[in-house]
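Here the structure comes first, spelled out in structure tokens, and everything after it is commentary.
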Amino acid sequence: MMVKQINRLAGNYATQPSRMVSGGIRYAQIVPQAAVNIPKPSIIKIEKEFPFDSEIYAPSTGSYARMKKLDYSSFKLASTYLFLAHNYSQLAYKPTTFTEPVEDVQRQWAGYSASYASQYFPFLRNSNVAKSIAKICPEVATESLAERFEELKEKWQKETSFHSSLGEKFTNDSYISIIGMGVFALPFILNDLVENPAHWFYALEKIVGRDMAEGAKNYAEARLKWLSWGREHDIV
Amino acid sequence: MTLFRRPKRDCNWLLADKENYGNITPGNFICASDSTEFSDIKYNCIAWAVGKNDEFWWPRKLGGYFWPEGLLSEPLNRETVENFIKAFESEGFQKCDGPEFEEGFEKIALYVNHLEVPKHAARSLPNGNWTSKMGDGEDITHGTLEAIEGRGCGKAKYFLKRNNPECKKAIHPKT
């Protein structure tokens, strides 16, 4: 089912038949060249010039997309496919080159991830994200994403826990990658927030698109507000 | 689920992190507070510099973090010295020339990186030593500002002071 979804959504993007890899988990494989086949801006309505060069890399296949001042539509499309490739094919994408403020990139990534995922996958609009993902693809939902989240989280904490600067904490590569997981990261972040205090508010705001703890003057208050929101939506 | 905890009163991580804290030695600082899971994160060095341990001060408009009303929220890693100085001024500090002990005053040292972006702040203690909250970790007491300079905190470059009658005599027991 997952492979069919990708094929349907990818449209012209060629995909190979599913294959078996270690552990018996089924993956779809995005052909590297297809993943960089970004539609020409001429056939897409140009909304706004994308103001900087960026590069997205999937080391497991060697595929990457390099976007040089594309328009927003192209960027959104490319982001969507790479987002799907990451979450449904286990290609570990990683934004690698930013020549403009990282914060802007984070916002774009998080926003596109969330909006496109919910647009293409209606189940993401339902209340319980984690259970819905698990229902459709239990391997991806429960193991791979969880492992990836834990790996990124530990790396982020190791690299930034000695900093007081929120700039250092929030622009760390691993933190950006967690934001890049989009809505799929929400259950992991919120459940982590239950167990461990950490600076998740920025990632949550970028993924959800709103600051649910707006006005909270201290950590404890914001944590309670985000957890309440998570419980209201059955994510925690 | 893995818990990210450090043992209480364990500042060994500072000594081990030569990349970011190259100047720290066992003889130039002491651990000054417990590192518990929750208290680590509810305040930071900027709040600690103005004497608060229940707020996390940073110029960011985001629930959970505090910045004095009326002051700018700034882009990440493009925070400005001017904004931090205004924040300290809101707590009664005024700019001064240097970190030298002055009777009747407590001082703040603002650390910046090579791009002049604020990274850390330390506050003088009545005995002339300095106190710092180290990231998510412990509060430490250090005899000199240079002790924590480096890649992690940057360099102490800007100084402020405010009246504090308790600051009467420089002792510097750890220098």
## Note on the structure
Per the beta carbon screen (other Cys under 4.7 Å), unpartnered cysteines of chain B come out as B:CYS45, B:CYS96, B:CYS153, B:CYS167
### Query
Relative contact order for chain B: what is it in percent, counting Cα pairs under 8 Å that are at least 6 residues apart?
27
### Query
Ordering B:LEU110, B:LEU15 by how much accessible area each has at a 1.4 Å probe, largest first, what is the list?
B:LEU15, B:LEU110
### Message
From the protein chains alone at 1.4 Å, what is the descending order of accessible area for B:ARG78, A:ARG210, B:ARG123, largest first?
### Response
A:ARG210, B:ARG78, B:ARG123
## Note on the structure
From highest to lowest solvent-accessible area (probe 1.4 Å; ligands, DNA and RNA excluded), B:ASP139, B:ASP54 read B:ASP54, B:ASP139
### Inter-label distance for A:GLU221 and B:VAL81, nm, one decimal - labels placed 7 Å from Cα along Cα-to-Cβ
3.2
## Note on the structure
Going through B:LYS61/B:LYS86; A:LYS158/B:LYS86; B:LYS42/B:LYS157; A:LYS158/B:LYS155; B:LYS18/B:LYS86; A:LYS158/B:LYS119 one by one, the pairs whose alpha carbons sit over 28 Å apart turn out to be A:LYS158/B:LYS86; B:LYS18/B:LYS86
#### Entry: Prolate/oblate/rounded call for region B:70-125, Cα gyration tensor, a/c under 1.5 rounded
oblate
### Task
Could you tell me the accessible area of A:THR171 in Å² (1.4 Å probe, neighbours in place), rounded to the nearest ten?
30
### Message
What figure, in Å² to the nearest 10, do you get for the accessible area of A:SER177 with a 1.4 Å probe and non-protein molecules left out?
### Response
10
### Task
Provide the per-residue ³J(HN,Hα) series for region B:126-140, in order, calculated from phi with Karplus coefficients 6.51, -1.76, 1.60 and θ = phi - 60°, each as a whole number of Hz, with x at glycine and proline positions.
x, 8, x, 6, 10, 10, 9, 8, 9, x, 7, x, 7, 7, 10
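The values are calculated or read from the model by the stated rules, or taken from the named source; none is laboratory data. Keep in mind that what you see is a predicted model, and the values were worked out from it rather than measured. Positions of Cβ are backbone-derived with ideal geometry, glycine not excepted, and every protein chain shown enters the neighbour counts. Keep in mind that these areas ignore ligands, DNA and RNA; they rest on the heavy atoms of the full protein, side chains included. Shrake-Rupley method; radii C 1.70, N 1.55, O 1.52, S 1.80 Å.
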